[in-house]
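Heads up: the structure comes next, in structure tokens.
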Amino acid sequence: MILNRLVAAVLPLALGLSASLAYAVDQAAMIKARQKFFGIENVDVNTGAIKKDKVIASWGTNTTYVTSILGRVVLLDSYITRPELPTTPIDRRYSPLLPQDLIDVLPEAIFLGHGHGDHADNAAYIAKWTNATIYASPETCDVMQLDVARMAADPNPQNGGTPYLPDANPVKCVGVVPRGSRPGHYNEGPNAGPNKSSATKLATPLDPLVCVLAFKFIHSGTAPVDPSFPHTPLFDLGDPRYPGREIQTPPPAITYPAMYPTSRRSRRRQAARLPDSSTRRPVASAARLARSRSSTSSGCAARPTRTSQVRSATASIP
């Protein structure tokens with residue numbers, strides 16, 4: 001799910017907690033989390049307010065982004081890769097964050113690309129503790145409510161019986177396309193017919209700052225080759241250091257040892273096959289094809305002007 005078209009004539013909006021927020025907010029934890037994701041220079045040290053002249057997208061993990069749009073915080077997906085990995089003596093996590101960080105940053109909305117675990121995991125849990133609204137397909141919203149029921153019923157003996165959730169009430173989840181609709185062609189009204197599709201503008205708390213459009217398409221699939229233009233073959237080479245392999249093209253051939261040999265004997269054998277550094281050549285690998293990821297999209301997004309783990313762009317406000 002991709003957001004965001006900034007519109008002119010932005011109304012002055014005060015940053016604050018929703019009046020319906022039912023649970024106490026740890027102000028210090030919120031400020032710390034926002035400084036972590038958005039940069040200490042962009043977060044008010046006393047209130048946690050984020051600068052309102054910027055769009056900041058902070059990569060969390062996989063397709064998860066913690067995003068501030070002119071001071072309004074939302075999550076694009078909510079999955080975290082392997083948060084259970086140990087942090088000592090070295091931090092082995094793919095990304096140094098936990099679900100609690102996504103709660104502490106206090107998002108007001110969670111936009112889910114689709115309902116698979118590597119996109120939607122943690123969403124119901126975060127929404128229960130922040131009162132954030134989830135935006136997803138109706139079928140994914142069903143799963144979110146099942147997640148709430150499962151966690152509410154879990155006795156959690158490994159943590160002394162502490163409840164996972166503050167209560168068992170459903171989360172707020174908005175279905176962004178009709179239930180059971182067709183990919184791309186869900187509008188059966190004026191757009192019905194072959195080769196016609198549309199996207200629907202959603203009403204969200206981010207109006208009028210952000211225009212959020214939603215549509216449904218296939219997660220991944222194949223299509224016949226279009227012969228009307230030449231195609232460049234993609235040779236997608238995996239990282240050769242993991243299983244160990246020999247790359248023969250371009251010459252000279254290079255043998256890469258396995259990154260994690262399974263025995264001392266294997267390590268000696270792999271070391272003996274390692275090419276001398278004077279003959280080693282870098283091997284360029286093609287970029288991976290991006291998978292389709294979401295059921296929502298946007299109009300014109302503000303382009304970031306600098307790239308880092310925290311991406312920031314100054315928005316024009318008349």
- line: Rounded to the nearest Å, the spacing of the alpha-carbon centers of segment 159-176 and segment 35-92 is 22 Å
Built amide H within the under 5 Å cut-off of Thr133, gap 5+: Ala109, Ile110
statement: Under the Karplus relation with 6.51, -1.76 and 1.60 and θ = phi - 60°, whole-Hz ³J(HN,Hα) for segment 34-48, x at Gly and Pro, equal 5, 5, 5, 7, 10, x, 4, 6, 9, 10, 5, 5, 9, 10, x
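Once the Cβ-Cβ distance between Met151 and Ala253 is put in as r, and R0 is 51 Å, what FRET efficiency do you end up with, to the nearest 0.05? Don't skip to the answer; put the middle values down first.
Details: r = 53 Å, r/R0 = 1.05.
Using R0 = 51 Å, I get an efficiency of 0.45.
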- request: Pull up the cross-link candidates among the lysines for Lys52, meaning alpha carbon to alpha carbon under 30 Å and not fewer than 8 places away within one chain.
  value: Lys32, Lys36, Lys128, Lys172, Lys201
query: Each residue of segment 217-227 in order: what ³J(HN,Hα) in whole Hz does its phi give by Karplus 6.51 cos²θ - 1.76 cosθ + 1.60, θ = phi - 60°, with x for Gly and Pro?
result: 8, 6, 4, 7, x, 10, 8, x, 5, 7, x
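Rounded to the nearest 0.05, what FRET efficiency do Val45 and Thr87 give with R0 = 22 Å and r taken as the Cβ-Cβ distance? Could you check?
Details: r = 26 Å, r/R0 = 1.19.
My answer for the efficiency is 0.25.
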- request: Collect residues whose amide H, placed 1.01 Å from N in the peptide plane, falls under 5 Å from the amide H of Thr64; neighbours closer than 5 in sequence don't count.
  value: none
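Quick note: the coordinates plus some simple rules give every number you see, no bench work behind them. As the structure is a prediction and not an experimental result, all values here were calculated from the model. Cβ atoms come from the backbone with ideal geometry, glycine included; neighbour counts cover every protein chain shown.
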